[in-house]
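Undergrad: Here it is: the structure, laid out below.
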Amino acid sequence: MATDPSRLMRFLISLTTITSRASVLRCTVTLLTAGWIICGAGDITHLSAADPFARYEMQMYHRPELPTQQQRERFPEGIVELWAKALQRPDPQLQRMMVDQIADAYRRGMPGLESFIPTMVELAEKPDQSLDVVRAVAQTLITMEAKDHTDRLARWAVRYGLPIGKHVEPVLAQWQSTAMREQWIARINQSANNDSELLLAINGAGAIGLDSVVNQLTQWVIDESQSPSIRMAAARALASIDHEGVAATAGQILQGTRQNPMLDEILAVELLRKQTDKQLIPLLSRLADSKTSAVQAGALQILIAIDPELIDPYVDSAILSPDVNLRWVCVQGIAQAPQSNRMVQLARLLDDLNPTLRRDVASLLVQLADDEILSDEIIAGTKAVLNENSWRGCEQACVVMANLDHKAAGVRIVELLPHPRGEVRVASAWALSQLGVETLMPDMVEHGEEVLQKFKDGTFTNLMPGYVEQMAHLFIAFGKQGYRPARGLMSKYMPKDYSLGTHARAAACWALGMIYEGELDKDLVKTMEDQLLDSESMFPEEVPVRRMAAIGLGRMNAESAIPSLRKYLKGYGEVPLGCHWALNKMLGEPIPTIPDSIVEIDGWILSPAK
């Protein structure tokens with residue numbers, strides 16, 4: 001079975017985006033992306049850094065999939081008219097606040113705000129208008145992407161100088177507008193004294209491809225007496241403008257004895273960053289041998305663009321670099337030209353210090369394993385990481401093995417259940433719930449009994465990371481497999497005991513409902529009905545548990561509990577919807593359509609009186 005090219009291409013696109021955001025020309029790594037991880041059956045889910053266990057989906061909350069109430073935002077009635085009146089007041093401070101408010105409202109999706117553009121433009125064009133108002137109008141037009149006003153924005157940048165230009169000119173460059181073309185050329189040719197204005201001009205020239213300034217930009221790149229910021233901006237602009245001459249310029253600045261060889265190497269990489277000519281391979285190879293990791297990473301990225309296999313001689317050392325940029329580049333190169341002899345090496349990055357990198361490597365390994373030529377080496381490499389004790393590697397190896405449905409890894413994964421790190425405890429339990437190996441379940445029950453005992457004696461608490469979530473995933477595994485010998489353990493989680501954790505207790509209830517689906521177990525019916533009805537005591541039962549109790553009653557076809565289920569049909573929360581689902585299963589009653597929840601967006605500086 002060959003690798004699905006569309007899936008691999010989607011991964012490569014996302015990986016390329018990530019590596020482009022982590023600039024290879026900086027030695028300091030800035031992580032600009034959230035992580036991604038495979039959560040099951042090849043689905044990729046966005047990871048929130050706030051919850052380290054959120055990536056491990058608890059299936060009980062989606063089986064059955066209940067409707068949820070969607071929240072719809074509404075803006076206060078009459079607010080647009082009120083702002084229109086406020087803009088007419090002869091108060092620059094109020095006008096500026098209103099213009100800023102319009103930009104904020106636009107970002108939040110308020111419709112019809114384009115009608116304010118003529119009024120705002122008129123305000124900014126007034127003689128002797130406050131600079132704050134002009135700046136606010138310019139920034140709001142930019143926010144609203146009013147590209148038909150580029151000429152006007154350019155005039156304001158020229159009239160007011162840097163206070164407006166620093167906001168306007170980068171956007172005009174981004175929009176590839178030529179509205180500032182003549183001003184940019186003039187600043188570059190006259191070597192404007194203000195470095196800030198000169199940098200704006202250089203960046204603009206690169207964005208719109210001003211051939212007429214190539215000679216001046218080249219001189220600045222070569223001139224060691226010029227400031228590094230000007231040289232760097234000039235190199236980046238030349239890379240976009242002068243595709244034929246940059247190679248010669250890069251070679252020139254690398255020749256002879258230079259004052260700052262590291263900066264010159266970085267400039268050479270910047271000059272060549274858009275090149276794909278194979279004739280540049282010797283020069284790029286020289287840069288790839290640099291002692292500066294940022295230069296190495298930049299050169300290797302260009303080599304990958306020419307031919308991913310060109311980085312192969314550098315992978316062995318670069319993949320061990322302390323610079324995450326270099327490790328990113330190695331992953332990118334291996335992903336674009338996967339070879340079986342690199343899979344074990346790639347799997348080592350499951351233990352990488354960088355959380356985003358190791359999660360993306362896990363995702364990549366799962367996708368590459370579709371190729372039979374690669375799969376054996378991927379499994380061997382992942383197994384080696386799994387057999388070690390590093391928590392980072394063990395966590396990601398569990399994820400890979402589960403997504404590959406490699407059931408033989410289950411024995412080792414069970415051994416990881418008592419791991420001291422919460423990440424491994426949760427990942428191992430989740431992996432076992434995905435693998436569904438029944439012969440391992442006695443050991444899983446035994447581990448669960450040990451955990452429960454430590455909860456009872458105070459060794460563990462529900463505030464310790466991973467303990468509650470682990471038990472929840474184990475119970476989900478028992479429920480999915482219909483494993484009845486786990487009933488004794490899960491029954492101990494049924495009585496109300498907040499210290500055992502909400503997820504674990506809800507999972508026990510869900511799993512028992514799954515195991516006894518279609519059977520009328522009177523003891524379970526009594527317990528679940530009591531849970532459902534415990535809503536008004538001083539310390540009521542937790543909502544997720546009551547929801548799972550209602551669903552369990554429906555699964556067991558507990559007709560005696562129908563009156564109790566009918567008590568909680570009002571509203572659209574978890575418990576009412578669970579009750580509706582149960583009645584639908586037993587009696588065929590329809591689950592109601594849930595209307596949107598309307599939330600009025602407030603917090604504005606000026607709002608209509610209610």
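The values are calculated or read from the model by the stated rules, or taken from the named source; none is laboratory data. Remember, it's a predicted structure, so these values are computed and weren't measured experimentally. So basically every Cβ, Gly included, is an ideal-geometry build from the backbone, and we count neighbours across all protein chains shown.
Undergrad: What residue, of R342, R348, R359, is touching a strand residue (DSSP E or B) at 6+ places or on another chain (Cβ under 7 Å) and closer than 26 Å to C398 by Cβ? Write out each step before concluding.
TA: Numbers: R342 fails: touching a strand residue (DSSP E or B) at 6+ places or on another chain (Cβ under 7 Å); R348 fails: touching a strand residue (DSSP E or B) at 6+ places or on another chain (Cβ under 7 Å).
Result of the check over R342, R348, R359: R359.
Undergrad: Does any residue of the stretch 316-326 turn out to be of a type outside the set (D, E, K, R), under 30 Å from N389 (Cα atoms), without any contact (Cβ under 8 Å) to a residue 12 or more places away in the chain and not in a loop (DSSP other than H, G, I, E, B)?
TA: Checked against the condition, which is being of a type outside the set (D, E, K, R), under 30 Å from N389 (Cα atoms), without any contact (Cβ under 8 Å) to a residue 12 or more places away in the chain and not in a loop (DSSP other than H, G, I, E, B), the stretch 316-326 yields at least one hit.
Undergrad: Taking the condition of being of a type in the set (A, V, I, L, M, F, W, C), touching a residue at least 24 places away in the same chain (Cβ under 8 Å) and closer than 15 Å to G552 by Cα, how many residues in the stretch 479-506 meet it?
TA: Step one: list which residues in the stretch 479-506 are of a type in the set (A, V, I, L, M, F, W, C), which gives 486, 489-490, 494, 500, 504, 506.
When the remaining residues are screened for being touching a residue at least 24 places away in the same chain (Cβ under 8 Å), the result is 486, 489, 494, 500, 504, 506.
Applying the additional criterion that residues be closer than 15 Å to G552 by Cα yields 494, 506.
Residues that pass the stated criteria total 2.
Undergrad: So the check is Cβ under 9 Å with 6+ separation or different chains; which pairs have a first residue in the stretch 507-523 that's of a type in the set (V, I, T) and a second one that's modelled with pLDDT of 95 or more and surrounded by 24 or more Cβ atoms within 10 Å (Cβ to Cβ)?
TA: Pairs that qualify, where the first residue is of a type in the set (V, I, T) and the partner is modelled with pLDDT of 95 or more and surrounded by 24 or more Cβ atoms within 10 Å (Cβ to Cβ), are I515/F478; I515/G479; I515/A486; I515/M490.
Undergrad: So, in the stretch 547-568, of the ones that are over 38 Å from the mean Cα position of the chain (by Cα), part of a helix (DSSP H, G or I) and not basic (K, R), which residue ends up surrounded by the fewest Cβ atoms within 10 Å (Cβ to Cβ)?
TA: The extreme case among them is P563.
Undergrad: Please give the number of the condition T276 fails out of (1) part of a helix (DSSP H, G or I); (2) β-branched (V, I, T); (3) more than 29 Å from R392 (Cβ to Cβ).
TA: T276 satisfies every listed condition except (1).
Undergrad: Let me ask something additional. Can you name the condition, by its number, that E145 falls short on among (1) within 30 Å of A201 (Cβ to Cβ); (2) of a type in the set (D, E, K, R); (3) at pLDDT below 95?
TA: Going through the list (1) within 30 Å of A201 (Cβ to Cβ); (2) of a type in the set (D, E, K, R); (3) at pLDDT below 95, E145 breaks only (3).
Undergrad: Does Q531 fit the bill of being under 20 Å from G578 (Cβ atoms), modelled with pLDDT of 95 or more and in a helix (DSSP H, G or I)? If you could, list the steps in order and put the result at the bottom.
TA: On the way: under 20 Å from G578 (Cβ atoms): yes; modelled with pLDDT of 95 or more: yes; in a helix (DSSP H, G or I): yes.
For Q531, the condition - under 20 Å from G578 (Cβ atoms), modelled with pLDDT of 95 or more and in a helix (DSSP H, G or I) - is met.
Undergrad: OK, next. I'm trying to understand the selection: among the residues of the stretch 446-465, which are touching a Pro at 6+ places or on another chain (Cβ under 8 Å) and surrounded by 19 or more Cβ atoms within 10 Å (Cβ to Cβ)? Full working, then the answer.
TA: Within the stretch 446-465, the subset touching a Pro at 6+ places or on another chain (Cβ under 8 Å) is 447, 450, 465.
Answer for the stretch 446-465, where residues must be touching a Pro at 6+ places or on another chain (Cβ under 8 Å) and surrounded by 19 or more Cβ atoms within 10 Å (Cβ to Cβ): just H447.
Undergrad: Right, next: If a residue has to be over 31 Å from the mean Cα position of the chain (by Cα), not basic (K, R) and not in a loop (DSSP other than H, G, I, E, B) to count, how many in the stretch 438-478 make the cut? Steps first, answer last, please.
TA: Let us first name the residues in the stretch 438-478 that are over 31 Å from the mean Cα position of the chain (by Cα), namely 438-460, 478.
Going one step further and asking which of them are not basic (K, R), we end up with 438-453, 455, 457-460, 478.
From what's left, not in a loop (DSSP other than H, G, I, E, B): 438-453, 455, 478.
Selection size over the stretch 438-478: 18.
Undergrad: Right, another one. If you check V221, V269, which single one turns out to be aliphatic (A, V, I, L, M), touching a Lys or Arg at 6+ places or on another chain (Cβ under 7 Å) and closer than 27 Å to Q174 by Cβ?
TA: Values: V269 fails: touching a Lys or Arg at 6+ places or on another chain (Cβ under 7 Å).
Matching residue, one of V221, V269: V221.
Undergrad: Next question, about the same structure. Between a residue in the stretch 174-200 that is at pLDDT 95 or above and any residue that is among the charged types (D, E, K, R) and surrounded by fewer than 16 Cβ atoms within 10 Å (Cβ to Cβ), which pairs come within a Cβ distance under 6 Å, given they are 6 or more apart or on different chains?
TA: Pairs that qualify, where the first residue is at pLDDT 95 or above and the partner is among the charged types (D, E, K, R) and surrounded by fewer than 16 Cβ atoms within 10 Å (Cβ to Cβ), are W175/K147; A179/D151.
Undergrad: Going residue by residue through the stretch 106-118, is there one that turns out to be in contact with a Ser or Thr (Cβ under 7 Å, 6 or more places away or on another chain), modelled with pLDDT under 95 and of a type outside the set (D, E)?
TA: Within the stretch 106-118, not a single residue is in contact with a Ser or Thr (Cβ under 7 Å, 6 or more places away or on another chain), modelled with pLDDT under 95 and of a type outside the set (D, E).
Undergrad: Would you say S290 is within 26 Å of S196 (Cα to Cα), hydroxyl-bearing (S, T, Y) and either in a loop (DSSP other than H, G, I, E, B) or under 31 Å from the mean Cα position of the chain (by Cα) (or both)? Reasoning before the result, please.
TA: On the way: within 26 Å of S196 (Cα to Cα): no; hydroxyl-bearing (S, T, Y): yes; either in a loop (DSSP other than H, G, I, E, B) or under 31 Å from the mean Cα position of the chain (by Cα) (or both): yes.
In short, no.
Undergrad: Could I ask something else about it? Cβ-Cβ under 7 Å, sequence separation 6+ or interchain: first residue in the stretch 465-478 and under 11 Å from V451 (Cβ atoms), partner modelled with pLDDT under 95 and hydrophobic (A, V, I, L, M, F, W, C). Which pairs?
TA: Close Cβ pairs satisfying both conditions: G466/F53.
Undergrad: Looking at the stretch 111-137, which of its residues are of a type in the set (S, T, N, Q) and either in contact with a Gly (Cβ under 8 Å, 6 or more places away or on another chain) or closer than 17 Å to A84 by Cα (or both)? I'd like the intermediate steps shown before the answer.
TA: The initial filter retains those residues of the stretch 111-137 that are of a type in the set (S, T, N, Q), namely 115, 119, 129-130.
Correct list: S115, T119.
Undergrad: Which residues, counting only those in the stretch 384-408, are within 17 Å of Q434 (Cα to Cα) and more than 24 Å from the chain's Cα centre (by Cα)? Lay out the reasoning, then the answer.
TA: Restricting attention to the stretch 384-408, the residues satisfying the condition of being within 17 Å of Q434 (Cα to Cα) are 386, 394-408.
Passing the criteria: L386, D405, H406, K407, A408.
Undergrad: Another one. What's the number of the condition V366 fails, among (1) surrounded by fewer than 22 Cβ atoms within 10 Å (Cβ to Cβ); (2) under 26 Å from the mean Cα position of the chain (by Cα); (3) under 27 Å from A409 (Cβ atoms); (4) not polar (S, T, N, Q)?
TA: (1)
Undergrad: Restricting to the stretch 386-408, count the residues that are free of Cβ contacts under 8 Å to residues at least 40 places away in the same chain, part of a helix (DSSP H, G or I) and surrounded by fewer than 23 Cβ atoms within 10 Å (Cβ to Cβ).
TA: The total comes to 3.
Undergrad: Follow-up. So is E519 under 20 Å from G479 (Cα atoms) and over 36 Å from the mean Cα position of the chain (by Cα) or not? Full working, then the answer.
TA: Details: under 20 Å from G479 (Cα atoms): yes; over 36 Å from the mean Cα position of the chain (by Cα): yes.
Yes.
Undergrad: Further question: For the subset of the stretch 362-389 comprising residues that are out of contact with any strand residue (DSSP E or B) (no Cβ under 8 Å at 6 or more places or on another chain) and among the hydroxyl-bearing types (S, T, Y), which member is nearest to A337 (Cα to Cα)? Working first, answer last.
TA: Filtering the stretch 362-389 for residues out of contact with any strand residue (DSSP E or B) (no Cβ under 8 Å at 6 or more places or on another chain) gives 364-365, 367-389.
In the following step, the residues that additionally are among the hydroxyl-bearing types (S, T, Y) were identified as 375, 382.
Numbers: S375: 15, T382: 19 Å.
The residue in question is S375.
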